Structure formats: structure tokens, C-alpha cells
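Beneath this line is the structure, given in C-alpha cells, with notes to follow.
The values are calculated or read from the model by the stated rules, or taken from the named source; none is laboratory data. Model, not experiment: these values are computed from the prediction. Every residue, glycine as well, gets a Cβ built from its backbone with ideal geometry; the counts of neighbours run over all protein chains shown. With ligands, DNA and RNA removed, areas are computed over all heavy atoms of the protein, side chains included. Shrake-Rupley method; radii C 1.70, N 1.55, O 1.52, S 1.80 Å.
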Amino acid sequence: MITLSIFERSPDRGRGLARDMRVRWALEEVGQPYVVRPLSFEAMKQPAHIARHPFGQIPTYEEGELVLFESGAIVLHIAERHAGLLPQDANARARAIGWLFAALDTVEPPIVELSMASMLERDKPWHAERLPMLQARVRDRLDQLSARLGDADWLDGAFSVADLMMVTVLRRLESSRLLDGYPNLLAYVARGEARPAYQRAFADQLAVFTAAPPAG
Ligand code: GTB
């Protein structure tokens, strides 16, 4: 059985923005059952979890002897082991993996930078001055991504692990409303969210948040 370590009480309050969501979604797409290990922030920093994740974070993935951390590596592992998330054709498969890395290495960093600034730096005197620069960096990436996607449904042919990752990355912009200027990206995210596997994954992570004891 697969076990995922997840937040006991996600700071996103069940909006599915933490990185276990992409792993849950991948497992739902390929029809693999799993169980979860909800962890408090304190438990994430204890030796038992540090043995699974050197940086004391979520998600982690355990399957028999295998223990993995890093959501990109976990999702790629799932996609390589089970049919449905990577094309059969070798070149198309390589391109899908390229897009998976693009989501993580090229598109996600400016989005995370913006969302961390919005969460942690609002009270700093320089926040208002820095914000337009962070937003411009995100818009640059969205302009480029939007131009490449055009009116296609998915990034490169059929839905793949690349789209799964890109949609989860773009969802982090929800509260900034920066996606509003990009109708094709909004529709792309909505297409991902409409997938039954996404819906199951979202409902399951929300159920964990709802069941968690109120923050003390
Ligand atoms: N590169 C790693 C990966 O992709 O797996 C990054 C893992 C990571 O950042 N994990 C975060 C974590 O464990 C949770 S997902 N943080 C606790 C810590 O470092 O002590 C990031 C996240 C957190 C909260 C929100 N939110 O509230 O909206 C969104 C995303």
C-alpha cells in the first residue's frame, strides 16, 4: 500500500494548494489506492519524519521499501510505473517530462515567490514597492505559457503528467487573480479541475482539513 505524508491541517484551509494535491491527483488518475499520514508541523520536524524527508516537509511517498520526497519526483515515479500519465511514443514522453520540469523549474518559482511575499511580507515597509516586480515576473511567464498553449486543450497532445503539474502550479495564483488576464489559461486550469480524478483528490484533501482539530 502507498502511504503519503500530508499536512494534518493545511494552511491553505482545504483549497488543495499544498503539494500533496498533485500526488493525490496523479494516484487518482492511474487508479492507485493510498493511505495518508497526517502530520502536525511539529511532527514534520521530528527524526521519524526527517528520515523520510531531509527537509522536514510534505509530501512524502512510501511504497514497500521505497521512500521518496519531492513532489516532482513522486509524480514522475507514479507516471512511469502506471499507464495513463505519459505518452507511449519516446519523443512525446521526453517532451512531457520536459514540460513537467518546466512547470516546476520555470513557472512555479516566480509564483511561489509572489505567494510567499503575499503571505509573509505584507507588514514589511518595502512590500508595496516589491510587489509589482514579483507580479511582473509571474506575468512574463504567463504571457509565454499562454502564447504557447494557444487554443489547445493540453500542453502537448493528450493530457499528461505535464498538464497535471502545470495546473497545480497555476492554481496557486487563485487569490492573486493574475490568471484573469489569460482566458486560455483559466480554461486550461478549469479543464484540469473538471477531471474526475482531480475532483476525487480535491475532496479527499478537503476531508482531511475538515476533520482536523481547530488550530489552537
Ligand atoms: N520542492 C518540494 C516539493 O515539491 O515536494 C517542496 C515541498 C514543500 O514546500 N512542502 C511544504 C511544507 O512542507 C508544503 S507544500 N512546508 C512546511 C515546512 O517547510 O515546514 C507548500 C505550500 C504550503 C502552503 C500553501 N498554502 O497555504 O496555500 C501552499 C503550498
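The table that follows gives values for the structure above.
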read-out	value
Among (1) modelled with pLDDT of 95 or more; (2) out of contact with any Pro (no Cβ under 8 Å at 6 or more places or on another chain), the one test that PRO11 misses	(1)
Subset of the stretch 148-164 [open to solvent by less than 80 Å² (accessible area, probe 1.4 Å) and either without any contact (Cβ under 8 Å) to a residue 12 or more places away in the chain or under 17 Å from the mean Cα position of the chain (by Cα) (or both)]	ALA152, TRP154, LEU155, PHE159, SER160, VAL161, ALA162, ASP163, LEU164
Filtered residues of the stretch 192-209 (kept if more than 11 Å from THR168 (Cβ to Cβ) and either of a type in the set (A, V, I, L, M) or touching a Pro at 6+ places or on another chain (Cβ under 7 Å) (or both))	ALA194, ALA197, ALA203, LEU206, ALA207, VAL208
Yes/no for GLU29 being touching a Gly at 6+ places or on another chain (Cβ under 8 Å), away from the ligand (no atom under 11 Å from the Cβ) and among the charged types (D, E, K, R)	yes
Cross-chain or 6+ apart pairs with Cβ under 8 Å, the stretch 86-111 first and open to solvent by less than 40 Å² (accessible area, probe 1.4 Å), then acidic (Asp, Glu)	LEU86/GLU80; ALA92/ASP156; ALA96/ASP156; PRO110/ASP140
Residues within the stretch 76-106 that are within 13 Å of the ligand (Cβ to nearest atom) and either assigned by TED's automatic domain parsing to the domain that holds GLY157 or of a type in the set (Phe, Trp, Tyr) (or both), tallied	5
Failed criterion for LYS124 (all others in (1) farther than 16 Å from GLU29 by Cα; (2) touching a strand residue (DSSP E or B) at 6+ places or on another chain (Cβ under 9 Å) hold)	(2)
Counted residues, the stretch 27-65 - those being touching a His at 6+ places or on another chain (Cβ under 8 Å) and part of a strand (DSSP E or B)	3
Considering residues of the stretch 37-75 that are without any contact (Cβ under 8 Å) to a residue 40 or more places away in the chain, more than 7 Å from the ligand (Cβ to nearest atom) and under 23 Å from LEU85 (Cα atoms) only, the residue farthest from the chain's Cα centre (by Cα)	GLY64
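So that you can scan it fast, the table gives a plain yes or no per residue for (1) more than 15 Å from GLU193 (Cα to Cα); (2) open to solvent by 40 Å² or more (accessible area, probe 1.4 Å); (3) in contact with a strand residue (DSSP E or B) (Cβ under 9 Å, 6 or more places away or on another chain):
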site: SER10; (1), (2), (3): yes, no, no
site: VAL23; (1), (2), (3): no, no, yes
site: GLU29; (1), (2), (3): no, yes, no
site: GLN32; (1), (2), (3): yes, yes, yes
site: ARG37; (1), (2), (3): yes, yes, yes
site: PHE41; (1), (2), (3): yes, yes, yes
site: LYS45; (1), (2), (3): yes, yes, no
site: ARG52; (1), (2), (3): yes, yes, yes
